[in-house]
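**Student:** The structure is given below, and queries will be raised subsequently.
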Amino acid sequence: MTKIVNHWIGGKTAEGASGTYGPVTDPATGEVTTKVAFASVEEVDAAVAAAKEAYLSWGQSSLAQRTSILFKFRALLDAHRDEIAELITAEHGKVHSDALGEVARGLEIVELACGINVQLKGELSTQVATRVDVSSIRQPLGVVAGITPFNFPAMVPMWMFPIAIACGNTFVLKPSEKDPSASVRIAELLSEAGLPDGVFNVVHGDKVAVDRILAHPDVKAVSFVGSTPIARYIHTTASANGKRVQALGGAKNHMLVLPDADLDAAADAAVSAAYGSAGERCMAISAVVAVGAIGDTLVEKIRERAEKIKIGPGNDPTSEMGPLITKVHRDKVASYVAGAADEGAEVVLDGTGYTVDGHENGHWIGISLLDKVPTTAKAYQDEIFGPVLCVLRTETYEEALDLINSSPFGNGTAIFTRDGGAARRFQLEVEAGMVGVNVPIPVPVGYHSFGGWKDSLFGDHHIYGNDGTHFYTRGKVVTTRWPDPADAPTGVDLGFPRNH
């Protein structure tokens, strides 16, 4: 019997009423294992109404109450991390160890939210004028929403809602319809932890649900992670409707390898960062820029390591890389490899014909490595979001930096070198929001914020960390004067207030 995933509204399961469902497949077999209910406008309205009602009390609740519930949720999430990882593997396809890592990184933000007290502290200046004090405070926005991608169905929502609800907001999540089960299980754990009904809601669906969230007058802010075209649309549409927006888009992350680098370490890093999670990461390294004469040696070292990666079902403990999320996506990724030679690239490894015995209908693709890729090739220009690594050659650091900075994307980047001066120069000169020095995937820890530059971010705030707290709150400044009992009435003064 096919499993059905329904919405979570007002603290309980809400069966889909629109009559529209989407298929959820097991990427390792290609079989449809689940149907997910797609929300109508009315169902989105119901979720927002539940969140608005809950905000009346949650927004006034004590910080101690909020963090106490999050502490309990953190314990439950830790206890159920294997279960959530299994849901991710079943619907996304990533190997179990990778899914566990995703849950762990989400857990990190929950822990940050448990200690959010410091970030929410205000400021006070006394005696700015005679008996005048000025204080600044931060207050929640109200109902906020998150629209999240398929590649991290647990982690990315947890980059958003723990901080949002710790700040006193209520939350409506629209997760990817491709792997929706983890979000509902998280909702159940939040309820078990004691989160009041309506503070966290989940609605599934497609553009109908997204557009209603963007237009709904009671939604005050929208967080999004996904592709650049959709991020731009989310930002434009939600901003036009008067909402605060943080929309994280796509990437083409470059890894610069200088001639003095440890090439074995660089090759290890390139393989891990390019092919981990089958390349379905916005922080994956998809372009290696080799400087000088090291190119041939580096490519050979990458090839040797890439050929040893074991590809198989995510629930097989021996698998190091799983399938892609859908057949459509698998075919799109393969098209970049198929057309690479005609665009001037050298195809070192072609993984497009890969299959797994016994799972022939799965969404399989092997490792692909393209060398001497021209910047005009689609394989270089587009975010492929699959296990395809492009290698580009330059003669100098300056040429490599110009190549990287010419990309419309600016999410993350890395440099591999033994030269501290070169590394320092790179981290200051490169146009990207996150930089790794001998670190291939520089995803910040929870108390620093995640976000890119240029077409990788639309909006003023990065996600989680201090930026997350600022995004989910708004500042208020209060100027106070209390009269001294000994003062005599001074009468009406229509002059401009003085600070002295």
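The values are calculated or read from the model by the stated rules, or taken from the named source; none is laboratory data. None of the values given here were measured: they were computed from a predicted structure. Neighbour counts run over all protein chains shown; Cβ positions are idealised from the backbone, glycine included. For the accessible areas, the whole protein counts, side chains as well, though only heavy atoms, and no ligand, DNA or RNA atoms are used. Shrake-Rupley method; radii C 1.70, N 1.55, O 1.52, S 1.80 Å.
**Student:** Within the stretch 380-410, how many residues are more than 17 Å from Ser277 (Cβ to Cβ) and within 23 Å of the chain's Cα centre (by Cα)?
**Tutor:** Looking only at that region, the number is 9.
**Student:** Same structure, new question: What do you reckon, is Thr89 buried (at least 23 other Cβ atoms within 10 Å of the Cβ) and modelled with pLDDT of 95 or more?
**Tutor:** Numbers: buried (at least 23 other Cβ atoms within 10 Å of the Cβ): yes; modelled with pLDDT of 95 or more: yes.
It is true that Thr89 is buried (at least 23 other Cβ atoms within 10 Å of the Cβ) and modelled with pLDDT of 95 or more.
**Student:** Go over the candidates Val439, Val435 one by one and state the one that is among the β-branched types (Val, Ile, Thr), over 21 Å from Leu107 (Cα atoms) and open to solvent by 60 Å² or more (accessible area, probe 1.4 Å). Break it down stepwise before answering.
**Tutor:** Working: Val435 fails: open to solvent by 60 Å² or more (accessible area, probe 1.4 Å).
Step by step, each of Val439, Val435 is checked, and only Val439 is among the β-branched types (Val, Ile, Thr), over 21 Å from Leu107 (Cα atoms) and open to solvent by 60 Å² or more (accessible area, probe 1.4 Å).
Condition check ((1) of a type in the set (D, E, K, R); (2) closer than 30 Å to Ser61 by Cβ; (3) open to solvent by 10 Å² or more (accessible area, probe 1.4 Å); (4) out of contact with any Ser or Thr (no Cβ under 9 Å at 6 or more places or on another chain)) across all residues:
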residue	(1), (2), (3), (4)
Ile186	no, yes, no, yes
Ser191	no, yes, yes, yes
Arg212	yes, yes, yes, no
Val219	no, yes, no, yes
Ser223	no, yes, no, no
Pro229	no, no, yes, yes
Leu256	no, no, no, no
Asp260	yes, no, yes, no
Asp264	yes, no, yes, yes
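**Student:** I would also like to ask the following. Whether any residue in the stretch 377-396 is in a loop (DSSP other than H, G, I, E, B) and of a type in the set (Lys, Arg) is what I want to check. It would help to see each step written out before you state the result.
**Tutor:** Residues of the stretch 377-396 in a loop (DSSP other than H, G, I, E, B): 377, 382-387, 395-396.
Right, trim to of a type in the set (Lys, Arg) and you get none.
Within the stretch 377-396, not a single residue is in a loop (DSSP other than H, G, I, E, B) and of a type in the set (Lys, Arg).
**Student:** On the basis of being under 25 Å from Glu398 (Cα atoms), charged (D, E, K, R) and open to solvent by 50 Å² or more (accessible area, probe 1.4 Å), does Glu320 make the cut?
**Tutor:** Numbers: under 25 Å from Glu398 (Cα atoms): no; charged (D, E, K, R): yes; open to solvent by 50 Å² or more (accessible area, probe 1.4 Å): yes.
No: the conditions fail for Glu320.
**Student:** Considering only residues that are part of a loop (DSSP other than H, G, I, E, B), farther than 13 Å from His363 by Cβ and of a type outside the set (Ser, Thr, Tyr), which ones fall in the stretch 2-36?
**Tutor:** Looking only at the stretch 2-36, we keep the residues that are part of a loop (DSSP other than H, G, I, E, B), and these are 2, 6, 10-11, 15-20, 26-31.
Still in the running and farther than 13 Å from His363 by Cβ: 2, 6, 10-11, 15-20.
Within the stretch 2-36, Asn6, Gly10, Gly11, Glu15, Gly16, Ala17, Gly19 qualify.
**Student:** Which residues, counting only those in the stretch 413-429, are within 25 Å of Arg281 (Cβ to Cβ) and either among the basic types (Lys, Arg) or part of a strand (DSSP E or B) (or both)?
**Tutor:** Thr413, Ala414, Ile415, Phe416
**Student:** Kindly indicate whether Val95 is under 26 Å from Lys476 (Cα atoms), touching an Asp or Glu at 6+ places or on another chain (Cβ under 7 Å) and in contact (Cβ under 8 Å) with a residue 12 or more places away in the chain.
**Tutor:** Details: under 26 Å from Lys476 (Cα atoms): no; touching an Asp or Glu at 6+ places or on another chain (Cβ under 7 Å): yes; in contact (Cβ under 8 Å) with a residue 12 or more places away in the chain: yes.
No, not satisfied.
**Student:** If we scan the stretch 475-489, do we find a residue that is under 29 Å from Ala221 (Cα atoms), open to solvent by less than 50 Å² (accessible area, probe 1.4 Å) and in contact (Cβ under 8 Å) with a residue 40 or more places away in the chain?
**Tutor:** For the stretch 475-489, residues under 29 Å from Ala221 (Cα atoms), open to solvent by less than 50 Å² (accessible area, probe 1.4 Å) and in contact (Cβ under 8 Å) with a residue 40 or more places away in the chain: absent.
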